[in-house]
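Written out below as structure tokens is the structure these notes cover.
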Amino acid sequence: MIRTHSRPVCIGQKQKWFLLKIRCQENRICMTATPKPEFDGWRWVSYWYPLGQVVPFKREVYRRALRELSPRVQRLAQDSEG
């Protein structure tokens, strides 16, 4: 993705965010199911944790995405309790 309308011109990646619900036991998650896995592990973290880990110039994008997903996460949590 090339942004030519800003200075300096930026070449970056377009991100798509997904909210997924795990429907199996955690021990069934396998990160090595393909010859070249994209990830080598995972862990549970607090919802807003990624904001403190991402590079500063992406922080606002992450904040907006997390805000947008937040109502859905809360709804899923309520559904799981009831």
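Rule-based calculations on the coordinates, nothing more; no lab input. All values reported here derive from a predicted model rather than from experimental measurement. For neighbour counting, all protein chains shown are included, and Cβ atoms are generated from backbone atoms with ideal geometry for every residue, glycine included.
Some notes on this structure:
- Where trypsin sites (Lys or Arg not before Pro) fall in DSSP loop in the stretch 30-82, at most 13 other Cβ within 10 Å: 43
- Spin-label pair residue 51/residue 79, simplified geometry with 7 Å Cα→Cβ offset, distance in nm: 2.5 nm
- Residue 27 versus residue 59: modelled label distance in nm, points set 7 Å from Cα along the beta carbon direction: 4.0 nm
- Three-way shape label, the stretch 26-82, alpha-carbon gyration tensor, a/c 1.5: oblate
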